[in-house]
Structure formats: structure tokens, C-alpha cells
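Values in this text are rule-based calculations from the coordinates and carry no lab data. Since we're looking at a predicted model, the values are computed, not measured. Using ideal geometry, Cβ is built from the backbone for each residue, glycine included, and neighbour counts are taken over all protein chains shown.
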Amino acid sequence: MIKKSYKDIKLTVNWDIDNQNLISIRNIRLPNLEISFKRDFATPDIWIFESEEFNFEPIYAVKERAKYFPIYFARRFFYNIEEVSSLAMKLAGHRILFFCNFDDIFLFFKKMLLIKESAGIVTAVKSILENPESYNENLIISQHSVNVAEMSNRIATMMDEQSKDIKLAGYIHDIGKICIPSSILFSDKNFDDQKIKIFQLHVLWGEVLFEKLSSGGSNEILRDAIGFHHERLNGQGYLRGLKKNIPKIARIIAVSDVYTALTSDRPHRMHYDKDVAITYIISKAGELFDSEVVESFKRVVY
């Protein structure tokens, strides 16, 4: 068997446009990227339908033919975030990504190229974390994931949890963030309710990526870390609003995730003092966070 070289690996994209006059602006130059405006690829990695009107039927019809993602690209001006949020949620129900900014698609292509060139989800995430495109991406995705992995591993050790996958689960828990528009993910303003809804979809997109990259998701620890780390004991987490049956790895990462986020700078705020973050987490034990996890967390930070 001849092994494919790095240069042989291509990201293929079928790009449907309802107004063919728009093709002239599609001049994307990325290595190993092949785009067809004539549906040349029978099963492309990504299938995009671009429109200035809201006509979802074309992308619904071909969405199952994309190896990774179908994308609806609405090339039009939106007057408010409510409209964007509504469309993003509607399409997510069909597992279709929604973008309305060309720069976001360009960045998404670059991430998907890293994924295509990787052998499975572990190396894919490693490539993404090691190749941030900006300071904010390094802060919110790369460094955050590294810190969550370290904290999760330390908490698990205190709990006598010995699985070798716990640290890895911390690394990959936020993989779905690469599917969230950078204008929202890296916003320098506080999220309103509509932006929060779009941001929360990173859990769904992380699950989809895990399914695509891990042959059905046989590693339960990694799958649960991605899909359940924002669930809370009072049922007010997302995406499922669970109260019971939240996997232990998700309970561990929930504490690590919040602590790391609070004690790190963000585009819209400076970091909180560690004592403030610790006090908050302790005060929410049994309400938001698992009490056993919080006890172990206290032993790590004190």
C-alpha cells in the first residue's frame, strides 16, 4: 500500500452559489485546498450553499454528502443579532453550520485543513492548539484548553481517578469552538442572550467533530468531556439541561473550565483574582458543581 504524503492530502469543497455573478470574489489561496463551483466532488469534505436569500432547500438536499460539514453561507447584511441567532439555531437542528462573514469561512477552512491532515481527533486537536491564528485564539482556545487539561488532571488525581484520558479530555473539550464565528467567540463586549445561544452551539459542533474523527466515538471519556462539560446539577446548563447522570469527567472539567476562564483575561474583561474564582466555585458546590469534585479542587488550589 502506498502511503499518502502530506502534499497529497486535500480539503475538498463543493461551493454552490445561487447568483453566479458572485463567483469572481471567491479567490481563496490556501495550500491543499480544492474548491469546485460545479459540484466536481461526489463526497466533498465541506459543502457550502451561498445565497443572498433564505432558501434552505438546496443545502438540505445535499447535506448528507459532506464528509465533515455542510455550511449555509448567507451573504447579506443582518440588521440584528436576533436574526443571526435564529438562523444559526434553525440550521444547527439539521447539523448545518451557519456563517455570514467571509473571514470566518476562511479561518474555518484553515482549521479543517489541519484536521484533514491529522490522524484522528487527538492529533487534530494538537495541531489546532499549536497553531493559533491570533492572540485571542491562543488565549480563548489554545491556552485555555491546556490549563483546563492540567487542572482536570490534578483534580482527578486528588479523587484517585487514574484514567490516562482525563488530561486529554481537558485538551479536547472545546474543539467545537472552531465552528463559532470569530466575531462572537472573540468579541470584546459582553455576550447578550442571542450571542450566548450561538456560543453554546460549540458543544454540539464538538460532538459532531468527535463523531467524524473517531469512528463513532468509542472513547466515552473524551466524548462525555465534549458533550457534557457545560451541564450543571441544577439543570440550568446546556445543551441538554441535565440534572442527573452527568458523567464524572464532565463534572471535573466543569470546575476546571470555570476556574480557568474566570482567572484568565478575556477580550471583554480582565481576569478575576484567584480567591474570587475559588470562592465562587465553592459557593456553588451542590448547586452547579459536584461537591466531591469541589472538595478535591480545594485541595489542589489551597
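Using a cutoff of 8 angstrom between alpha carbon atoms and counting only pairs six or more residues apart, the relative contact order for the chain works out to 13 percent.
In the chain, the C-alpha radius of gyration followed by the widest Cα-Cα span (Dmax) gives 20.0, 63 angstrom. For the stretch 134-301, a Kirkwood hydrodynamic radius built from all Cα pairs, placed in the Stokes-Einstein relation at 37 °C and 0.692 mPa s, yields a translational diffusion coefficient of 205 µm²/s.
Scaled against the 2.2 N^0.38 Å expected of a compact globular protein of N residues, the Cα radius of gyration of the stretch 6-116 reads 1.03.
How do TYR171, TYR68, TYR135 line up, fewest other C-beta atoms within 10 Å first?
Values: TYR171 22, TYR68 18, TYR135 10.
Least crowded to most crowded, the residues run TYR135, TYR68, TYR171.
For ARG266, the amide hydrogen comes within under 5 Å of the amide hydrogens of HIS271, counting only partners 5 or more places away or on other chains and with H modelled in the peptide plane. Translational D (Stokes-Einstein, µm²/s) of the stretch 201-291 at 25 °C and 0.890 mPa s when Rh comes from the Kirkwood sum over C-alpha pairs? Taking Rh from Cα pairs, D becomes 175 µm²/s. Principal-axis analysis of the Cα atoms of the chain puts helix 81-92 at an angle of about 80° to the longest axis.
What's the exposure ranking of HIS144, HIS268, going from fewest to most Cβ atoms within 10 Å? With the fewest neighbours first, HIS144, HIS268 line up as HIS268, HIS144. Each of ASN21, PHE56, ALA42 was placed along the dipole of the stretch 18-74 (beta-carbon charges, centred on the mean Cα), and the one lying farthest toward the positive end is ALA42. Within the chain, DSSP assigns beta bridges of which about 5% are antiparallel (rounded to the nearest 5). Annotation: amide H of ILE17 within the under-5 Å range of GLU50, sequence separation 5 or more or interchain, hydrogens built in the peptide plane. Take the alpha carbon atoms of the stretch 215-253, find their center, do the same for the stretch 141-186, and report the distance between the two centers in whole angstrom. So the two Cα centres are separated by 13 Å.
The alpha-carbon atoms of the stretch 47-169, seen along their principal axes, cover 54, 31, 26 angstrom, with the largest extent given first. Could you name the lysines whose alpha carbon sits less than 17 Å from that of LYS244, not counting residues in the same chain fewer than 8 places away? Partners found: LYS284. Coordinate range of the alpha-carbon atoms in the stretch 151-248 per principal axis, descending: 40, 32, 23 Å.
Computed about the Cα centre, the dipole magnitude for the stretch 134-301 is approximately 160 debye when only Lys and Arg (+1) and Asp and Glu (-1) carry charge, each at its Cβ.
Helix 274-283 and the longest principal axis of the C-alpha atoms of the chain enclose an angle of approximately 80°. Of the residues TYR68, PHE228, ILE178, the one whose Cα sits farthest toward the positive end of the charge dipole of the chain, with +1 on the Cβ of Lys and Arg and -1 on the Cβ of Asp and Glu, is TYR68.
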